[in-house]
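One structure below.
The values are calculated or read from the model by the stated rules, or taken from the named source; none is laboratory data. Being a predicted model, the structure only gives us computed values, none of them experimental. All Cβ positions, even for glycine, are placed from backbone atoms using ideal geometry, and neighbour counts span all protein chains on display. For accessibility, only protein heavy atoms count, side chains too; no ligands or nucleic acids. Shrake-Rupley method; radii C 1.70, N 1.55, O 1.52, S 1.80 Å.
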Amino acid sequence: MIVFLALVVPDQVTRLPAGTPVWRAFVRVPIEGLVAFAVLLVLPRRPRMIVAGVLGGVLGLLTVLKVIDIGFFAVLARAFDPVLDWPLFADGYRFVQDSFGELGAVGAAAGAVLVALGVLIGMVLAVRRLAAVAGRHETASRRGLAGGAVVWVAVALLGTSFVPGVYVASDSAVTLARDGIGTVPAAIRDKKAFADEAATDAFKDTAADQLLTGLRGKDVVFTFIESYGRSAVQDPTLDTVVHAALTKGTADLKTRGFAAKSGFLTSPTAGGGSWLAHSTFQSGVTIGNQQRYRSLVSGDRLTLTSAFKKTGAWRTVGVEPGVTYAWPEGTFYGYDQVYDSHTLGYHGPAFSWATMPDQFTLKSFTDQEYAKPGRGPLMAEMTFVSSHTPWAPIPSMIGWDQVGDGSVYTQQKAQAKTTGEVWKDKDLIRAEYAKSIVYSVGALMSWVQKYGDDNLVLVFLGDHQPAPIVVGEGASHDVPITIVAHDPKVLDRVSDWGWTDGLEPQPAAPVWPMAEFRDRFLTAFGPTGDETRPLSPPR
């Protein structure tokens, strides 16, 4: 049973169509098992047991890989890359640590290692036992093998499937092994491809006095809203409360003289990996894996932040409440100052993974930078974390003069829904996700109304879609992006982008690859406002 399950369990078992009995995914005849036992049956006893041990070890490794794939599909909507994705385990550990404490993280890591070792050892013993049993009953084994082969060929020719995409004639273990081995040359090719892409930069040699001339004297704030995806504004089961919040926000901003335009960008990631989206947005080149990220931050490519810094006309600030450890990438991005979870001055409770509420992040940024008397123009990149999974507990808005050092949130957290309460019900997870987006966007709009002035230019966007448990399977990688400004000349610069009016992009709004935003932005706010190189048309 152990060997059979290892061979036939789909690596996307969590993606079965709604209402489909799980057992249907296991009605399969694995070709790998038939071939392996054919080999074992022709070998003498001693070599048979040695080969059985090797096959068991290989099958054990593939089973561990398959379990990891199930997790990756459930969270990141993609398969695990055995070459490039190992650093993500460290990030996963930190996520568990931040959400459930050091003891929970150590326990989870220890449990995962023990399970992996147990699978490897158990699979070796299971295959060796089957080889020994087959050797004692060779005639029956040969007949069973022949019968299984006939069945496999028959169902393969018929294309029999009890679940869409899961065929009875199975070769999933071979496919998994082939795909795993194939990642090595693919990673090598991708490394060269990235070097070529990164070397092509239309703005690398642009003089400082020719950069961002259309924004001189403005305060420019880029804000990433965690997990704010297209589904938040277009999924009928999610967008009701989000739509209401964006509609109200648009109206409220109008009373203060602000206007907005919105569109969509396609993120290189989904479900997680926010840093891949941030670096893609900043650098103007697609960063879809950790290898590309490491190559990028060890180079000198011009980023949006470093373009502002290069002009000498702005102080550049990074506001990163999710950074809880050393972050040398801040130097690559070109920040004059980075505020992280240790320097924002928060003394309240963490809200699961989120180190602090977004409203506090905004207030701290205001007090330490934005409202500072006599300052010059400011460019800030800010990351909101309140809408980060697991979307519980979620803070709520309070008066700006009540925020203080954050200790006021202690009682608020105690009264909020806990992660354990929310994650018992899929519908509740989705509802709380939508609520978190409303909170984050609402905090930002409230800040604009209270503190924004004529020189404020705000760009806010999502980093990626949330996990499939919220948006389902097959959701796009699109995220909303919005520009808010008081000065109409700012939005005039992007009038030819085709973005729709207001905080909520309409379904027909243009969709660009996230990597194209940097060049489009630098072009629009450059001396001429004309395109300097061909770009992909919106879809």
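Once you order the gyration tensor axes a ≥ b ≥ c over the Cα atoms, which shape class does the stretch 218-258 get: rounded for a/c under 1.5, otherwise prolate or oblate by comparing a/b with b/c? Because a/c hits 1.5 or more and a/b fails to exceed b/c, the stretch 218-258 counts as oblate. The order of the peptides 118-129, 376-387 by mean Cβ neighbours within 10 Å, most packed first, is 376-387, 118-129. Cross-linked pairs Lys363/Lys413; Lys254/Lys309; Lys218/Lys248: Cα-Cα separations exceed 23 Å for Lys254/Lys309; Lys218/Lys248. Each peptide in 86-95, 463-472 was scored by the mean count of other Cβ atoms within 10 Å over its residues; highest first, the order is 463-472, 86-95.
Note on Thr255 and Gln337: the model spin-label points, each 7 Å out from Cα along the C-beta direction, lie 3.3 nm apart. Which residue, Val494, Ala110, Ala36, has the largest displacement toward the positive end of the dipole of the chain when charges sit on each Cβ (Lys, Arg +1; Asp, Glu -1)? Value: Ala36.
Shown are Asp179, Asp300, whose ranking by accessible area with a 1.4 Å probe and every protein chain present, most to least, is Asp300, Asp179. Note on the chain: with neighbouring protein chains present and a 1.4 Å probe, carbon and sulfur make up 62 percent of its accessible heavy-atom surface. Between Thr237 and Arg45, the FRET efficiency from the beta-carbon distance, with R0 = 60 Å, is close to 0.50. Against the chain, whose longest principal axis comes from its Cα atoms, helix 45-76 is set at around 30 degrees. Across the stretch 392-428, the residues whose backbone nitrogen lies under 20 Å from the label position 7 Å along the beta-carbon direction of His347 are 398-414. Taking a Cβ cut-off of under 13 Å around Trp275, the surrounding Lys, Arg, Asp and Glu residues balance to a net charge of -3, with basic ones at +1 and acidic ones at -1. Rounded to the nearest 20 debye, the dipole size of the chain about its Cα centre is 2000 debye, using +1 on the Cβ of Lys and Arg and -1 on the Cβ of Asp and Glu. The label point for Val27 and the one for Trp400, both projected 7 Å from the Cα toward the Cβ, are 6.3 nm apart.
A cut-off under 10 angstrom between Cβ atoms defines the neighbours of Ala434, and their net charge, with Lys, Arg +1 and Asp, Glu -1, is -1.
Per residue, the accessible area of the chain comes to 44 Å², computed with a 1.4 Å probe over protein heavy atoms only. Note on Trp23: accessible area is roughly 150 Å² with a 1.4 Å probe, heavy atoms of protein only. Of the residues Val441, Leu458, Pro505, the one whose Cα sits farthest toward the positive end of the charge dipole of the stretch 433-536, with +1 on the Cβ of Lys and Arg and -1 on the Cβ of Asp and Glu, is Val441. Would the stretch 205-315 count as rounded, prolate or oblate if I go by the C-alpha gyration tensor, calling it rounded below 1.5 in a/c and otherwise prolate when a/b exceeds b/c, oblate otherwise? Taking the square roots of the gyration eigenvalues as a ≥ b ≥ c, the stretch 205-315 is oblate.
Helix 31-42 and the longest principal axis of the Cα set of the chain meet at an angle near 40°. Based on C-alpha pairs under 8 angstrom that are at least 6 apart in sequence, the chain has a relative contact order of 22 percent. Rolled with a 1.4 Å probe across the full set of protein chains, the surface gives Thr255 an accessible area near 110 Å².
Classify the stretch 379-507 as rounded, prolate or oblate, taking a ≥ b ≥ c as the square roots of the eigenvalues of its Cα gyration tensor: rounded when a/c is under 1.5, otherwise prolate if a/b is larger than b/c and oblate if not. It is oblate, given that a/c is not under 1.5 and a/b is not larger than b/c. How far, in degrees from 0 to 90, does helix 274-283 lean away from the longest principal axis of the Cα atoms of the chain, to the nearest 10? Tilt relative to the chain: about 50 degrees. Given the Cα-Cα distance of Ile181 and Phe4 and 0.36 nm per residue of separation, how much length would full extension add, in nm? 61.4 nm is the gain from fully extending Ile181 to Phe4. Site pair Ala90 and Leu428 shows an inter-label distance of 3.6 nm when each label is modelled 7 Å from Cα along Cα→Cβ. Farthest toward the positive end of the dipole of the chain, out of Val470, Val127, Val319, is the Cα of Val127, where the dipole comes from beta carbon charges about the Cα centre.
With Cβ to Cβ distances under 11 Å as the rule, what net charge do the other residues near Thr286 carry (K, R +1; D, E -1)? Mind dumping the intermediate values first?
Values: positive: Arg292; negative: Asp190, Glu197, Glu516.
The answer is -2.
When Ile394, Ile68 are compared by accessible surface with a 1.4 Å probe, the order from highest to lowest is Ile68, Ile394. Cα-based radius of gyration for the stretch 1-159, normalised by 2.2 N^0.38 Å, reads 1.25.
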